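Notes follow the structure.
The values are calculated or read from the model by the stated rules, or taken from the named source; none is laboratory data. Everything quoted here is computed from the prediction, not taken from an experiment. Methodologically, a virtual Cβ is constructed for each residue, glycine included, from the backbone with ideal geometry; neighbour enumeration extends over all protein chains shown.
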């Protein structure tokens, strides 16, 4: 009887070991098949991508604009164009509004006076603690529709791509920062003088909404100055040019002291 039990246990152990080996072999074979399939798909995608013409051609004789990184590039006058639009209809949800807002591409902040109102509006929605896919309150829906209507009245905005008068010209950078109880902002302008002419142009601006927690105006002014200093650092690194002077302008005695 003991021999039979021992033999049965041995056979069972051998069966379990064989099952484990077989399962491992099947798993390895499955992984190999999937790897071969993935490798084939990647190779096909690479061949398809390499066959595409990645060059972007512009004609100086054409007045048409080509869209690049969400901006319209007019090669005839070397300008970027901004033409934002919002097209949301009720019922409005937090997810839909955020998705629509993300379509407004404003890399350098030329639309900051408009997009700031959207940021403040979205913060109001967030404070209602509405679910992502639940309709927002009717009052906020009406506010959004008014905001959207005003935003869509913005006509095509043309921004010069080349901001320098000459390649060897020196530039002054003038930065401004200001705050309110709802938000704070910073902007940097370039000022150049060449052949008796002075050219001033907005380079970049950035806005941020104030914290939902109660924050004093002096603290927000410090936040604004910090935002401006980061913008100065970014512009100085990106602008490969002779920067003659850098000026930071604020009306806060606390920050200036």
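One residue is enough: does the stretch 126-133 have a residue meeting the conditions surrounded by 15 or more Cβ atoms within 10 Å (Cβ to Cβ) and assigned to a loop (DSSP other than H, G, I, E, B)?
Taking the stretch 126-133 and keeping what is surrounded by 15 or more Cβ atoms within 10 Å (Cβ to Cβ), we get 130.
From the residues that got through so far, the ones that are assigned to a loop (DSSP other than H, G, I, E, B) too are 130.
Yes, some residue in the stretch 126-133 is surrounded by 15 or more Cβ atoms within 10 Å (Cβ to Cβ) and assigned to a loop (DSSP other than H, G, I, E, B).
Return the residue satisfying two criteria in turn: it lies in the stretch 212-255 and is assigned to a helix (DSSP H, G or I), at pLDDT below 85 and touching a helix residue (DSSP H, G or I) at 6+ places or on another chain (Cβ under 8 Å), and of such residues it is nearest to residue 190 (Cα to Cα).
For the stretch 212-255, the residue satisfying everything is 255.
When the residues of the stretch 161-176 are filtered to those that are at pLDDT 85 or above and over 15 Å from residue 242 (Cα atoms), which remaining residue is surrounded by the most Cβ atoms within 10 Å (Cβ to Cβ)?
Filtering the stretch 161-176 for residues that are at pLDDT 85 or above and over 15 Å from residue 242 (Cα atoms), the one surrounded by the most Cβ atoms within 10 Å (Cβ to Cβ) comes out as 175.
Go through the stretch 177-207 residue by residue and tally those that are modelled with pLDDT under 90 and part of a loop (DSSP other than H, G, I, E, B).
2
Restricting the stretch 79-104 to residues that are touching a strand residue (DSSP E or B) at 6+ places or on another chain (Cβ under 7 Å) and either modelled with pLDDT under 85 or under 19 Å from residue 208 (Cα atoms) (or both), which is surrounded by the fewest Cβ atoms within 10 Å (Cβ to Cβ)? Walk me through how you get there before you give the answer.
Start the filter on the stretch 79-104 by keeping residues that are touching a strand residue (DSSP E or B) at 6+ places or on another chain (Cβ under 7 Å), which leaves 79-83, 91-93.
Adding the requirement that they be either modelled with pLDDT under 85 or under 19 Å from residue 208 (Cα atoms) (or both) leaves 79-83.
Working: 79: 17, 80: 19, 81: 14, 82: 20, 83: 12.
Restricting to residues being touching a strand residue (DSSP E or B) at 6+ places or on another chain (Cβ under 7 Å) and either modelled with pLDDT under 85 or under 19 Å from residue 208 (Cα atoms) (or both), the top hit is 83.
How do the pairs read when you match residues in the stretch 136-160 that are within 15 Å of residue 87 (Cβ to Cβ) with residues anywhere that are surrounded by fewer than 10 Cβ atoms within 10 Å (Cβ to Cβ), using Cβ under 9 Å and keeping only pairs 6 or more apart or on different chains?
145/89; 148/87; 152/87
Has the stretch 116-134 got at least one residue that is over 19 Å from residue 209 (Cβ atoms) and either in contact with a strand residue (DSSP E or B) (Cβ under 6 Å, 6 or more places away or on another chain) or modelled with pLDDT under 90 (or both)?
Our first condition is that a residue be over 19 Å from residue 209 (Cβ atoms); within the stretch 116-134, this holds for 131-134.
Subsequent filtering for residues that are either in contact with a strand residue (DSSP E or B) (Cβ under 6 Å, 6 or more places away or on another chain) or modelled with pLDDT under 90 (or both) retains 133.
Yes, because at least one residue in the stretch 116-134 is over 19 Å from residue 209 (Cβ atoms) and either in contact with a strand residue (DSSP E or B) (Cβ under 6 Å, 6 or more places away or on another chain) or modelled with pLDDT under 90 (or both).
Could you list, in sequence order, the residues of the stretch 201-256 that are closer than 14 Å to residue 163 by Cα and exposed (fewer than 11 other Cβ atoms within 10 Å of the Cβ)?
Once the filter is applied, which keeps residues that are closer than 14 Å to residue 163 by Cα and exposed (fewer than 11 other Cβ atoms within 10 Å of the Cβ), the stretch 201-256 yields 238, 240, 242.
In contact with a helix residue (DSSP H, G or I) (Cβ under 7 Å, 6 or more places away or on another chain) and in contact (Cβ under 8 Å) with a residue 12 or more places away in the chain: is that true of residue 183 in this structure?
Details: in contact with a helix residue (DSSP H, G or I) (Cβ under 7 Å, 6 or more places away or on another chain): yes; in contact (Cβ under 8 Å) with a residue 12 or more places away in the chain: yes.
So residue 183 passes the test.
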